[in-house]
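Undergrad: I have a structure here, written as structure tokens, and I will follow up with some questions on it.
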Amino acid sequence: MANTSSKKAYIATRVRNYLAAFAAILAVNFAIPRVMPGDPTTRFVGPGFTEAARQQLLQEFGLNRPIWEQFLLYLANTLTGDFGVSFARYPTPVMDLVVERLPRTLYLMGASVTISVVIGIPLGAFAAWNFGEREDLFITQSSLFFRSIPTFWLAILLVFVFGYVIPIFPISGATGSANHPSFFAYFVDLTYHTVLPVVTMSAYFLAGYTFLMRGSLLDILPENYIKIAESKGLSERQVLFGHAVPPAFPPVLTQLGFQIGRLAGGAVLVETVFSYPGMGQLMFEAVLARDYPVIQATFFFLAVMVLGSMFLAEILYTIIDPRIGGSE
């Protein structure tokens, strides 16, 4: 079992590793838009767009400076939260776009995670408790089916079924109106418009948590303390959720942190298919328009969200599991 000093040393090592990863994110974020073919001026090409006008535009955005000057300016601006103005939506500040879009993506990801965990963990526990029986086979086969479906294909299928065949849910947008009488009305409208995107993202990750909890419990159920709990006359629910699930939960917690990265990637596809005005669609539009500041801002915030969630999951796992961190 790890002691306090060894745990502190372990956490300090993880902090250094994540700071190094953050530095790598900054470098990659600067490089990605600049290695893409073309430049932002290509979207303005037309009969009246001369080379002189192109050079003036590049100078205005600082893209004609030496690459090292651009990098230093980028670092200074990024670390102070100044991402400049959007090329494609000039002169709109990038942070205005982020502030508008980020809450919607956080809501989409938060709802998907919550549904996946709340449904997936009990399903996995129920499947493990009924290992080898019909219930277990049905749950595992259904989970395997949804785990195998590409996210974008499921999104398109839901759009076709519930948008055209049975048109009961919106297939685009975040709300049906720009003005709402109250926050509650806005929340209800937002929830109604995000039903299909949330179902799309939840289906894949729900299956993952089901498999993870099932596998973790199958290692724990044969333990002696589970048999002792059963011999005391406790109900199946008390044995399963009171004695078996808690020690099986740490691997799920760790996976939760790492799944945020896949959620962020899935958000780009899902938001694009459903025309959902979040960070994912903003990034997609920025890539098409070669909008460097917006590309960098969206990538930065999504990457920091992923990195932060992974770091938080590791720290919580270190606190929950006394074996993590080594020993003297």
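The values are calculated or read from the model by the stated rules, or taken from the named source; none is laboratory data. Since the structure is predicted, the reported quantities are computational estimates derived from the model, not experimental observations. In this analysis, Cβ positions are derived from the backbone assuming ideal geometry, glycine residues included, and neighbour counts consider all displayed protein chains. These area figures cover heavy atoms from the full protein model, side chains too; ligands, DNA and RNA do not enter into them. Shrake-Rupley method; radii C 1.70, N 1.55, O 1.52, S 1.80 Å.
Undergrad: Would you mind working out the magnitude of the charge dipole of segment 64-167 relative to its Cα centre, with +1 at each Lys and Arg C-beta and -1 at each Asp and Glu C-beta, to the nearest 20 Debye? Can you show the working numbers first?
TA: Numbers: 6 positive and 7 negative charges, 43 e Å.
Roughly 200 debye for segment 64-167.
Undergrad: Here are labelled values, (1) 39; (2) 56; (3) 53, and one is the computed percent of Cα pairs over 29 Å apart for what I pasted. Which one?
TA: (3)
Undergrad: Could I ask something else about it? Sort Ser235, Ser309 by accessible area with a 1.4 Å probe, largest first. Present the calculation step by step, with values, prior to reporting the outcome.
TA: Numbers: Ser235 55, Ser309 25 Å².
Output order, biggest surface exposure first: Ser235, Ser309.
Undergrad: Helix 292-320 sits at what angle to the longest principal axis of the chain, using alpha carbons and giving 0 to 90 degrees rounded to 10?
TA: For 292-320 against the chain, the angle is about 20 degrees.
Undergrad: Then there's this: Put +1 on the Cβ of every Lys and Arg and -1 on every Asp and Glu Cβ in the chain; which of Ala155, Leu108, Leu316 then has its Cα farthest towards the positive end of the dipole?
TA: Toward the positive end, the furthest listed residue is Leu316.
Undergrad: Okay, next question. Taking amide H atoms as placed 1.01 Å from N in the peptide plane, list the residues 5 or more away in sequence, or in a different chain, whose amide H sits under 5 Å from that of Val85.
TA: Under 5 Å from the amide H of Val85: Val94.
Undergrad: In debye, nearest 20: dipole of the chain around its Cα centre with unit charges on the Cβ of K, R (+) and D, E (-)? Spell out each step's value before the answer.
TA: Details: 20 positive and 21 negative charges, 62 e Å.
So the magnitude is around 300 debye.
Undergrad: Calculated from DSSP H runs of 4 or more alone, at -39500 (n - 2.57) each and per residue, what is the 222 nm mean residue ellipticity of the chain, nearest 500?
TA: Details: 13 runs with 234 residues, N = 328.
That comes out to -24000 deg cm²/dmol.
Undergrad: Right, another one. Can you list residues from other chains, or at least 5 along the same chain, whose modelled amide H is less than 5 Å from the amide H of Asn130?
TA: So Asn130 has HN proximity to no qualifying residue.
Undergrad: OK, next. Rank by packing, highest mean first: peptides 93-102, 180-189, with packing defined as the count of other Cβ atoms within 10 Å averaged across residues. Walk me through the intermediate numbers first.
TA: Numbers: 93-102: 18.2, 180-189: 11.9.
Going by the mean number of other Cβ atoms within 10 Å, highest first, we get 93-102, 180-189.
Undergrad: I've got another one for you. What angle do you read, to the nearest 10 degrees and between 0 and 90, between the alpha-carbon axis of helix 183-193 and the longest principal axis of the chain?
TA: 80
Undergrad: Also: Which angle from 0 to 90°, rounded to the nearest 10, does the C-alpha axis of helix 67-79 make with the longest principal axis of the chain?
TA: Taking the Cα atoms of the chain, the angle to 67-79 is about 50 degrees.
Undergrad: Using a 1.4 Å probe and ignoring any ligands, DNA or RNA, find the accessible area of Tyr74 and quote it in Å² to the nearest 10.
TA: For Tyr74, the solvent-accessible surface is approximately 20 Å².
Undergrad: Skip the ligands, DNA and RNA, and give the accessible area per residue of the chain with a 1.4 Å probe, whole Å². Show your work: numbers first, answer last.
TA: Details: 17150 Å² over 328 residues.
It amounts to 52 Å² per residue over the chain.
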